[in-house]
Amino acid sequence: MTVRNTRKPAGPHRRMPAQDSLWLHLDRPENLMLVTSVLWTKTLVDPARLRSLVSDRLIARYPVYSQRAVRHGRALAWETDTGFDLGDHVLVQDLPAPADQAALEEFVAARRSRPLDPKHPLWTIDLLQGYRGGSALVSCTHHAMADGIRLTQVLFSLLDPAGGETAPHAKVGSAGPHREPVAQPVVRLGAAVLRAIGDTGAKVQQRAARVHPVLETAVALPVCGATVAVGATGAVAGVLASALDGGPRHAVDAAAGAVTTAWHSAAGVADLLGPSTTTGLWEGEPEVEKTAAWGDPVPLITLARIGHETGTTINDVCTALVAGALDRYFTAHGTARPGPSDLGWMIPVSLSSFDDELPATLGNHFSLVLAQLPLGLRTFAERLAEVHRRVARIRDSVEPVLTFGVQYAIAQSPAPLGLALSRFFAGKAVGVLTNVPGPRVPMTLAGAEVEGIVGWAPCSGRQAITICVFSYAGQVRFGFGTDRKLIPDPEALVAALAAEFAAAS
């Protein structure tokens, strides 16, 4: 079945923004830049209805779903695939017997390990029939098309409320910083200025590259410096904006809050530039083969109760459960460090306010923030209190715009320098931790009720693990995606999470 793009293309080529092309440059066989999601339904999904949904709600809305990444000289662009065939991207097959969770996990692991065909648009959807009497849908999309927050929202757009009732859109991701609303426009302005510098710098670099590679490097260095400087200026502006909010009556409180924000932001930068906390854990180079595993859901109402009783958030509780699961895993494997310690994780933070209508170009508009999770604490209560303190520090800062500036600097750097910088910052974290609030009510896919959803962001550099916390219809699932060489037993992490939840609740 061949489905042509019905939208009028903006042109044969659309220049790829730096924040999108970065993820193509970071692609490595051992860590592909793929955002992977899986959902499963109680009954079989009709393939024809699924193809119709994909055609109407993805391809017709977002041109990048029918465009391929091409190189024009030294620049990358999105080019309309004139031979686009939906059958190359929506694939239907039976899940191999016994069609249980282990079989589905192996299929997802294989998808996470296999690169997408660069000759076509960089996405696939596999519809697996027969999973526990229903169907499973595995979505695999390259990070260059959009960030994981937006891609999750795109996935949700394929779903409809069960019973036909109207349900509010799930607000995926969160914009930062959180403490002072007045800082939000400043952060968004800083991001916009960074994009403008990036676009201008890319054009100048392209012209310089035609003259000589040395001239390209000479141009790239001040562009990198400008992006970092604007990121820092955005942080300072956010602090000043918060100080001016509320008028003279609140000047003292605002000034104190501004100092706190600056202090917290400085602490975050120190973590980002300081020594890695991953030394001694999962040492070695990752390989091509990946894994995927997830456990039984835990009730959202229980997590909310724990948060209410302790004065923390559901996100804090989930993060503390992950830290406890890692403690149990390291102890069981004899690799636990003596005494309390930290372990760095990259956490995606959206730089945009939630919008029901995503931009047609999708793209990446997020920042990766380094978060240090505590290890070696004796009780769940201690872990939760420490996680709450650390997450509050990140929320009460302007780190996202600073790290967005770093990402732009990497994207605009000559390839050798950019890869070296990326590897340096990726080495600060053992992996990626995402928390995705999904739909609160049961949803359907082409008329079949969805039972569960999980999904993972990609790792980079030598990172060995990606963890997702995915809430849907009153339940929360924890998913683990690991490098098979470095962490061959993700099921042990699933069991450790279940044991930690049982102890906490």
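The single condition among (1) crowded, with 18+ Cβ neighbours inside 10 Å; (2) modelled with pLDDT under 95; (3) touching a Ser or Thr at 6+ places or on another chain (Cβ under 6 Å) that P9 does not satisfy is (1). Listed by first and then second residue, the pairs linking a residue in segment 465-484 that is over 23 Å from E289 (Cα atoms) and small (G, A, S) to a residue that is outside any strand (DSSP E or B) and open to solvent by less than 20 Å² (accessible area, probe 1.4 Å), with Cβ atoms under 7 Å apart and 6 or more places separating them unless they lie on different chains, are S471/G438; A473/P439. Of the listed requirements (1) open to solvent by 30 Å² or more (accessible area, probe 1.4 Å); (2) out of contact with any strand residue (DSSP E or B) (no Cβ under 9 Å at 6 or more places or on another chain); (3) not charged (D, E, K, R), H72 misses just one: (2).
Against the condition open to solvent by less than 20 Å² (accessible area, probe 1.4 Å), of a type outside the set (S, T, N, Q) and modelled with pLDDT of 95 or more, how does A292 come out, does it pass?
Numbers: open to solvent by less than 20 Å² (accessible area, probe 1.4 Å): yes; of a type outside the set (S, T, N, Q): yes; modelled with pLDDT of 95 or more: yes.
Considered against the rule, which asks whether it is open to solvent by less than 20 Å² (accessible area, probe 1.4 Å), of a type outside the set (S, T, N, Q) and modelled with pLDDT of 95 or more, A292 comes out as yes.
One residue is enough: does segment 94-113 have a residue meeting the conditions part of a strand (DSSP E or B), of a type in the set (V, I, T) and out of contact with any Phe, Trp or Tyr (no Cβ under 6 Å at 6 or more places or on another chain)? Looking through segment 94-113, none of the residues is part of a strand (DSSP E or B), of a type in the set (V, I, T) and out of contact with any Phe, Trp or Tyr (no Cβ under 6 Å at 6 or more places or on another chain).
Right, R112: among the basic types (K, R) and within 24 Å of E449 (Cα to Cα) or not? Break it down into steps so the answer makes sense when it comes.
Working: among the basic types (K, R): yes; within 24 Å of E449 (Cα to Cα): no.
Judged against the criteria, R112 is not a match.
Restricting attention to segment 144-161, the residues that are part of a loop (DSSP other than H, G, I, E, B) and open to solvent by 10 Å² or more (accessible area, probe 1.4 Å) add up to 1. Could you go through segment 79-88 and let me know if any residue there is acidic (D, E), within 24 Å of the chain's Cα centre (by Cα) and modelled with pLDDT under 95. Looking through segment 79-88, none of the residues is acidic (D, E), within 24 Å of the chain's Cα centre (by Cα) and modelled with pLDDT under 95.
Just one of (1) more than 30 Å from T41 (Cβ to Cβ); (2) surrounded by fewer than 19 Cβ atoms within 10 Å (Cβ to Cβ); (3) at pLDDT below 95 fails for K485. It is (3). Just one of the numbered conditions (1) modelled with pLDDT under 95; (2) over 22 Å from the mean Cα position of the chain (by Cα) is not true of K42: (1).
Whenever a residue of segment 349-362 is within 19 Å of A18 (Cβ to Cβ) and at pLDDT below 70, its partners that are of a type in the set (A, V, I, L, M) and surrounded by 14 or more Cβ atoms within 10 Å (Cβ to Cβ), lying with C-beta atoms within less than 8 angstrom and at least six residues away or across chains, give the pairs L351/A175; L351/V187; L351/A191; L351/V401; S352/A175. When L373, L343, L377 are checked against the criterion of being modelled with pLDDT of 85 or more, assigned to a loop (DSSP other than H, G, I, E, B), on the phi < 0 side of the Ramachandran plot and not acidic (D, E), a single residue qualifies: L377.
Answer with yes or no whether L39 is assigned to a strand (DSSP E or B), open to solvent by less than 20 Å² (accessible area, probe 1.4 Å) and in contact with a Leu (Cβ under 7 Å, 6 or more places away or on another chain). If you could, list the steps in order and put the result at the bottom.
Working: assigned to a strand (DSSP E or B): yes; open to solvent by less than 20 Å² (accessible area, probe 1.4 Å): yes; in contact with a Leu (Cβ under 7 Å, 6 or more places away or on another chain): yes.
Yes: the conditions hold for L39.
Go over the candidates T319, T302, T310 one by one and state the one that is surrounded by 23 or more Cβ atoms within 10 Å (Cβ to Cβ) and in contact (Cβ under 8 Å) with a residue 60 or more places away in the chain. Result: T319 is the single residue among T319, T302, T310 that is surrounded by 23 or more Cβ atoms within 10 Å (Cβ to Cβ) and in contact (Cβ under 8 Å) with a residue 60 or more places away in the chain. Summed over segment 114-150, the residues that are touching a residue at least 40 places away in the same chain (Cβ under 8 Å) and touching a Phe, Trp or Tyr at 6+ places or on another chain (Cβ under 9 Å) give a count of 23. With respect to V64, determine if the residue is β-branched (V, I, T), more than 24 Å from L26 (Cβ to Cβ) and at pLDDT 95 or above. Answer is no for this residue.
The values are calculated or read from the model by the stated rules, or taken from the named source; none is laboratory data. Here the structure is a predicted model, which is why all the values come from computation and not from measurement. Using ideal geometry, Cβ is built from the backbone for each residue, glycine included, and neighbour counts are taken over all protein chains shown. Note: areas computed on protein heavy atoms with side chains; ligands, DNA, RNA excluded. Shrake-Rupley method; radii C 1.70, N 1.55, O 1.52, S 1.80 Å.
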